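In what follows, a structure is listed as structure tokens, so that the remarks can point back to it.
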Amino acid sequence: MKKLIVFVLLSFVCNYLCQAQAPRGAGNGAGRRFGGQVPSIGHFYGKIVDGKTNKGLDGVSVQLIQSKFDTVTKARKDTVISGMITESKGNFSLENLPIFGNFRLKITAIGYKIYDQKVSFDLKINQGGDMQQMMNNVDKDLGNIKMQQDAQTLDQVTVTASKPLVQLGIDRKIYNVEKDLAASGGTAVDIMKNVPSVAVDIDGNVTLRNSPPTIFVDGRPTTLTLDQIPGDAIESIEIITNPGAKYDASGGTSGILNIVLKKNRKAGYNGNVRAGVDQRGKFNVGGNLNVKQGKVNVFANVNYNQRKSITTGTTERNSFLPANYLLQDDYNVNNGSFAFGRFGLDYFLDNRNTISLAANIVHGEFKPYTRSDLFVDTLHQGGDTTSSYTNRLSNSHNIFRNYGGTVSYKHNFPKSGEEWTADANYSKGTNNNDNSVVSNIYESKGGPLTSIYQQQQTGSGTNEYITAQTDFVNPLGEKSKFEAGARAAFRNVTSLNDFGIVDKSGNIIPEPLLSSSYSYHDRVLAGYATYSNAIKNFGYQIGLRAENSSYNGSSHFTTKDSANGIQKDTIGNFSNSYPVSLFPSLFLTQKFGGEQELQLNYTRRIDRPNFFQLFPYTDYSDSLNLSRGNPNLKPQFTNSFELSYQKTFKGNNTFIASVYYKYTTDLITRYQSKEINPLTDSVVFINTYINANSSFVGGLELISRNTITKWWDITSNVNIYTSKINAADSIKTIGETYSWFGKINSSFKFLKKFTLQITGDYTSKTVLPPGGSAGNGGGGGGRGFGQTVSGNSQGYSKPTGGVDAALKYEFLKNKAASLTLSINDIFRTRVSDVYTESDYFNQTVFRRRDPQIFRLQFNYRFGKFDVSLFKRKNNRDEGGDNVQMQGAQ
């Protein structure tokens, strides 16, 4: 409880300390923000059309004029600073313009009246503003300029700057990865450890407010897993705890984590190269390159990562039927590598139309092995006790591949903010796994060998995802907006598992009872509409989403008749179709004086059973941890409420407080049952899934980002919550518990070129996440890819936490090069300690993975920094309430 009090107090104290210790001398002058020079990075563009026919005019002279002081005449005079002659469609684009000052746009054409109007970039420079965001916004579409008797006065576009590190939009928080030192040489798993509201266990499984989120990449579902995405390829993480009608209705118990990958459009060429090594001698290399020439922008990002992971663990189990005690010690080494490639291009047809292509390629190969020592004491009827010792060695060879592609089109209408987008996405993951397990059984450790048991399992699987989506945005007024869209998603999953016993001669004897093949297909069709408006300082957004879904699957396996023992082949088919379900959403926002904002939102969402949860095949690859899906599972529905308060102080110091409540019906949760092994006729416990009656989660979350001094800033996060799973009376559950999670990320700058980042996190005793954790995904045993599930209505996780650190040194001109030294779990305190119980047993599993690992990373940036073509209107969907999940911009 003392630790909890410290976290809560620190969030509030740091929030107000920043006001008394805000950096001085920051200045409000634009010149000071840009090193004393005003950059020429402005961009005006538009289209010249005939006032009656609206057809584009060619051969039109377009000039941008600025009044400058003449040092010779000591007077001001007009100077043409940019100009061009339009082509056949009437498009014009004036670039490399000063961003401060007033200008006149002068347009002349034979037979038309001269057009002469004032234009400007109305920049608002706030103290502590984000210069990168401001550069992205220095872009102005002057619309369709009609050449006629009464010239149209151009509407002024207000360009704003300033975006905090953690920003609260109307439906999301945005975590900017740019300054996160964990990104160097790591993966998305390493970055998630620093993201507010997100917890990561030792296996890389991610939870958002203690529930498994839906993982998106560039706003779309993916078959990639978090440890397959290099941290250096990530631009930002969007945390959407209560997604509105625009987004998929799935993911009700938690929300969405959208990983936005880097893709810039800087003029000329630019990029970086990087390389690193860890203390186990495993290295990584990579780089990215961007080339912008004319109407074409080409980008590429490649990475190669080697990994060696070591996990130690202990399992203790007391079983009641039959009565025995198990002690199992495990030592696991997972050694391998993976390569990641991302390539694409943008083709700017004109100022308002862009076609984009992108492709992802991932290939990995890992060879894990596990040594286990198993001690079993069994109590027989009559009181006799027998003991045995088993030395087990498991060797696996896993290969995975992932291919994906995206085609997208975007059209911007002349009216500011009106746009239409369409895209199609394809992603396919494949995996092949071979697993060999040899068990040497002894009467006792050091005693005589009594038997040898060897099993072989071969598996393969595919996971194919196809989506098509279109969205339309139409600003109806200065503060009102209408959005609508449609989406179709199709998923095809196949899996093959062959299980066999190896005899003394090394021959594999197939075991049909333990083998199966499986295919699964699902479809989701959806449409949505939202309307938003603001009345003075009060804003609202209402939305409605409709989804129709269905799935069907078939499995081929062998069963044994319990009466006569005859085996027979069985083909099982199952399917389900859900009529149109409606998912309303409501977001209310009230702004107060002093940079304060209050938000209230409500959504209804759904979680459909995933591949693992439906798969009817029993996985016997680990004889002590058997698992099977349940094809009779129903979807679960969640009603979510959230009330949030935000206060922004000087220097972009931010405080966010949220109260949330989620109520779920037909909760999908894990459950263990007692059954008979068809091969040995012995009692076994199967980990499967059921629909519990209901559950609820409620809590208070505090997030604070504070600049204490010029050289020290802190981002802190505390989440206090309670949860309970209501199951049938015959199912034993843990009951309602109160838990809390805390995280602090502290960054220090010193000696001008050094940055030190220290991150600490702590999780109290917690009921295991219902439904499981989205993390590294599947692939084992040929069961395809998807969410791994560690949740359980019958258990809890014991407290855990740890501290990570990273030191960065920047050198060369403009800090083009850097070295980063990082270490994780400094005090060896981050563990997984899970307790489960049922009417048949109780069990404790303790595991520790890769503590105190050092990694050294080098990064070098190159190329000319010219952002004049970086900010086209076609890619301005960044920041604030208008962040569109259409890909990395």
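Can you order the peptides 358-364, 79-85 by their average number of other Cβ atoms within 10 Å per residue, highest first?
358-364, 79-85
Work out how much length GLN148 to SER40 would gain on full extension: take 0.36 nm times their residue separation and subtract the Cα-Cα distance, in nm to one decimal.
35.7 nm
Give me the distance in nm between label points sitting 7 Å out from Cα along the Cα-to-Cβ direction at THR470 and ILE361, one decimal.
Reported label-point gap for THR470 and ILE361 is 3.2 nm.
For the stretch 187-311, which whole-number percentage of the solvent-accessible area (1.4 Å probe, protein heavy atoms only) is attributable to carbon and sulfur atoms? Before the final figure, lay out each step's value.
Numbers: 1720 of 3150 Å².
That fraction is 54 percent.
Mind giving me the FRET efficiency for ASN395 and ARG76? R0 is 60 Å, r the Cβ-Cβ distance, nearest 0.05 is fine.
Taking R0 as 60 Å, the efficiency between ASN395 and ARG76 is 0.15.
What FRET efficiency would be calculated for the residue pair SER519, ASP50, taking the C-beta separation as r and a Förster radius of 56 Å, to the nearest 0.05?
That gives a FRET efficiency of 0.45.
Using the Kirkwood formula on the Cα atoms of the stretch 242-360, what hydrodynamic radius do you get, in angstrom to one decimal? Before the final figure, lay out the partial values.
Values: mean 1/r = 0.0512 Å⁻¹.
Mean inverse Cα-Cα distance, inverted, gives 19.5 Å.
If one computes P(r) from the Cα atoms of the stretch 171-250, what percent of pairs lie at distances over 15 Å?
It works out to 56 percent of all Cα pairs.
Spin-label point model (7 Å from Cα, Cβ direction): what's the ASP503 to PHE858 distance in nm?
Once both label points are built, they end up 5.8 nm from each other.
Using R₀ = 45 Å, calculate the FRET efficiency as 1/(1 + (r/R₀)^6) where r is the Cβ-Cβ separation of HIS411 and ARG371; round to 0.05.
Once the sixth-power term is evaluated, E becomes 0.15.
When the accessible area of the stretch 355-418 is computed with all protein chains present and a 1.4 Å probe, what percentage of it is carbon and sulfur? Provide the component values of the computation, followed by the final result.
Details: 1890 of 3340 Å².
Heavy-atom surface of the stretch 355-418 belonging to carbon and sulfur, 1.4 Å probe: 57 percent.
Going by a ≥ b ≥ c, the root eigenvalues of the Cα gyration tensor, does the stretch 202-242 fall in the rounded group (a/c under 1.5), the prolate group (a/b larger than b/c) or the oblate group?
Verdict is oblate for the stretch 202-242.
Taking every eigenvalue of the Cα gyration tensor of the stretch 359-460, multiplying by 5 and rooting it, what semi-axes result, largest first, whole Å?
Computed over the stretch 359-460, the values are 57, 17, 10 Å.
Where does each of 105-113, 522-530 land if you order them by average Cβ count within 10 Å, highest first?
522-530, 105-113
Let me know the number of lysine pairs in the stretch 569-711 closer than 21 Å at the Cα, not counting same-chain pairs under 8 apart.
5
Please list 3J(HN,Hα) in residue order for the stretch 329-343, calculated via the Karplus relation 6.51 cos²θ - 1.76 cosθ + 1.60 where θ = phi - 60°; whole Hz, with x for glycine and proline.
10, 10, 9, 10, 10, 10, 10, x, 7, 8, 10, 10, x, 9, 9
Quick one: which residues, 5+ away or cross-chain, put their amide H under 5 Å from the amide H of VAL684? H built at 1.01 Å from N.
GLU675, ILE676, ASN677
By the gyration tensor of its Cα atoms, with a ≥ b ≥ c the square roots of the eigenvalues, what is the shape of the stretch 302-408: rounded for a/c under 1.5, prolate for a/b over b/c, or oblate?
Here the stretch 302-408 falls in the prolate category.
Rolling a 1.4 angstrom probe over the protein heavy atoms, how many square angstrom per residue are accessible across the stretch 276-432?
45
Give me the percent of accessible area attributable to carbon and sulfur for the stretch 647-714, probe 1.4 angstrom. Working shown, then result.
Working: 1420 of 2460 Å².
Of the solvent-accessible surface of the stretch 647-714, carbon and sulfur hold 58 percent.
Just grab the label-to-label distance for ALA805 and SER682, each label 7 Å out from Cα along the Cβ direction, in nm (one decimal).
Here the modelled spin labels are 4.9 nm apart.
Can you compute log10 of I(q)/I(0) for the stretch 455-564 with the Debye formula, treating each Cα as one identical point scatterer, at q = 0.11, 0.22 Å⁻¹?
Those come out to -0.62, -1.12, one per q.
How would you classify the stretch 184-312 from its alpha-carbon gyration tensor, with a ≥ b ≥ c the square roots of the eigenvalues: rounded for a/c under 1.5, else prolate if a/b is greater than b/c, otherwise oblate?
Here the stretch 184-312 falls in the oblate category.
The values are calculated or read from the model by the stated rules, or taken from the named source; none is laboratory data. Predicted model only: the values in this text are computed from it and were never measured. Every residue, glycine among them, receives a Cβ derived from its backbone with ideal geometry; neighbour counts consider all protein chains shown. What goes into the accessible areas is simple: the full protein's heavy atoms, side chains included, and nothing from ligands, DNA or RNA. Shrake-Rupley method; radii C 1.70, N 1.55, O 1.52, S 1.80 Å.
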